[in-house]
1. Within the range 1-113, which helices (runs of 4 or more DSSP H) (wholly inside it) include 3 or more residues that are of a type in the set (Val, Ile, Thr)?
2. If you check Tyr254 against the conditions, is it at pLDDT below 85 and closer than 28 Å to Glu332 by Cα?
3. Any chance the range 233-242 includes a residue that's modelled with pLDDT of 85 or more and out of contact with any strand residue (DSSP E or B) (no Cβ under 9 Å at 6 or more places or on another chain)?
4. What are the residues in the range 113-151 that are closer than 15 Å to Ser98 by Cα and β-branched (Val, Ile, Thr), if any?
5. Please go through the range 303-345 and give me each residue that is free of Cβ contacts under 8 Å to residues at least 24 places away in the same chain, closer than 29 Å to Val250 by Cα and in a loop (DSSP other than H, G, I, E, B), ordered by number.
6. Out of all the residues in the range 293-308, is one or more of a type in the set (Asp, Glu), at pLDDT below 90, out of contact with any Asp or Glu (no Cβ under 9 Å at 6 or more places or on another chain) and assigned by TED's automatic domain parsing to the domain that holds Val347?
7. Those residues that are farther than 25 Å from Ile148 by Cβ, assigned to a helix (DSSP H, G or I) and touching a Gly at 6+ places or on another chain (Cβ under 9 Å), I need them from the range 170-196; list them, please.
8. So, in the range 224-240, exactly how many residues are part of a strand (DSSP E or B) and either under 18 Å from the mean Cα position of the chain (by Cα) or more than 17 Å from Tyr154 (Cα to Cα) (or both)?
Amino acid sequence: MAVFIHNIATSVPPHAVKQQRIREIMKQHLASNRKTKAIIHRIYSQSGIEKRHSVLEDFIPNNNGALFFNGEAKTPPGTKARNDMYEQEATPLFLDVSQKLLDDNKTFDKDDITHVITVSCTGFFAPGPDFQIVKSLGLKPQTQRFHIGFMGCYAAFPALKMAQSFCMADPKAVVLVVCAELCSLHFQFGSNIDELLSGSVFADGAAGLLVSSKQPEKPAFSIDKFATSLVFKGEQDMAWSIGDSGFDMVLSTYVPNIIRDNIEEVVQPLYDQYEAQKEDIDYWALHPGGRAILDKIQSNLQLKPPQISASRKVLAEYGNMSSATVLFVLKELLNTQLKEGDKILPVAFGPGLTIESGLLTFHQTYTETE
């Protein structure tokens with residue numbers, strides 16, 4: 001039974017900040033010497049990011065933010081203060097994406113939704129966003145609800161796997177999936193490399209999709225296969241834990257090399273399943289965890305620039321929004337001039353070090369004979 005991604009919707013907070021402005025604030029408040037200033041300048045200038053969105057006003061010119069006081073707070077806000085803002089600001093993003101998914105499709109209305117899956121690793125509250133979606137959108141009280149938490153940047157893949165399983169088990173299932181991350185709430189004013197790296201790439205945003213086995217009425221992706229792998233030697237190089245002053249992210253400089261050295265082994269099961277080769281993949285929807293990751297993968301797999309241009313565009317315009325980011329990339333691809341039958345290989349990375357991948361096929365139109 002074929003299962004489809006019918007449409008994809010995205011949403012970002014209203015506050016957009018140029019990367020160069022954040023760079024200068026970091027240099028002003030963290031650089032006590034010329035060497036540190038040079039390191040910060042290099043990290044931000046070579047990030048491949050032009051701007052990022054945030055629910056915070058702290059880095060907006062001439063504003064005094066409620067959390068970091070425009071980058072001049074003497075005491076970092078505690079985890080509770082950050083999580084309170086998460087509950088306040090994440091809910092509108094979850095709801096905005098959900099409403100867009102209902103409004104922008106020709107196939108389903110709210111009474112067709114059977115399952116809601118929400119995804120986030122940047123905050124917690126209960127009843128959670130899954131409850132709020134059912135309540136605010138007027139979905140049936142019997143709608144089944146699931147939340148995937150604290151899995152990091154690859155978490156859209158477990159959500160998609162769940163959605164596919166629900167649809168294969170029940171041909172009438174229609175699954176609404178929404179990922180929303182407020183990474184900027186956990187910004188740390190620290191000068192070690194891990195803190196500088198994470199502070200230079202993470203941003204806020206939300207994205208979602210509708211999944212069903214019903215034949216699509218407009219261009220869509222069919223979900224063909226998933227693969228997962230763990231690279232145990234990277235366990236200490238990418239991690240995410242709860243601290244007294246927000247969530248602490250470990251993102252070492254070794255991560256791009258670890259991913260580069262293992263990417264072929266990770267996607268090989270997909271090739272084997274479909275008796276395919278790298279040359280059969282038309283586009284790669286790579287999670288743009290950072291510019292170095294994209295550069296290393298492109299070089300190692302000898303990919304052509306157009307094959308990963310969607311990932312570079314999302315990185316430049318939005319930064320790394322954790323679990324939502326790969327869905328932004330898929331939407332960007334869906335809006336480009338794809339051809340019937342084009343093969344898309346999405347890949348995302350997260351704590352573990354976990355590498356998740358999949359295989360999608362683009363359909364301008366779809367017939368049962370396929």
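The values are calculated or read from the model by the stated rules, or taken from the named source; none is laboratory data. This structure is a prediction, so every number in the text was calculated from the model and none was measured. Virtual Cβ from ideal backbone geometry, glycine too; neighbours counted across all protein chains shown.
1. By residue number, 34-45, 79-103.
2. In short, no.
3. no
4. Result: Ile113, Thr114, Val116, Ile117, Thr118, Val119, Ile133, Val134, Thr143.
5. Scanning the range 303-345 gives a single hit, Leu303.
6. no
7. Result: Leu196, single match.
8. Counting residues in the range 224-240 that are part of a strand (DSSP E or B) and either under 18 Å from the mean Cα position of the chain (by Cα) or more than 17 Å from Tyr154 (Cα to Cα) (or both) gives 7.
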